[in-house]
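Let me begin by presenting the structure, written as structure tokens, before commenting on it.
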Amino acid sequence: MRHCRTQSGAWKSGFTLIELLVVIAIIAILAAILFPVFARAREKARTASCQSNLKQIGIAIGMYQTDYDGNFPFSKNFSPAGTW
């Protein structure tokens, strides 16, 4: 940090350009380290959501089969005469 006097004689302090660039570089390095971690966490969340959806579909099909004599939804069940 740099200290200097203003025209009124008061001391003024501020950061130099190099100090600011160093801080920005450190933040950029930390962000580059954390981005892959966040991407992996997001992918795991999508995987968990997809697994949950598949489980719900399976439960729904099982409930349908229980109610409709073991038939699958939208299945083609032909009578011996070949009609629906």
Checklist entry - Counting other Cβ atoms within 10 Å of each Cβ, which trypsin sites (Lys or Arg not before Pro) in segment 23-61 have at most 14 and sit in a DSSP loop? => result none
Checklist outcome for this item: Two pseudo-spin positions, 7 Å from Cα along C-beta at Gln56 and at Tyr68, lie apart in nanometres by 2.0
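Throughout, read-outs are computed from the coordinates displayed, never taken from laboratory work. Everything numeric here is computed off the predicted structure, so don't read it as measured data. Methodologically, a virtual Cβ is constructed for each residue, glycine included, from the backbone with ideal geometry; neighbour enumeration extends over all protein chains shown.
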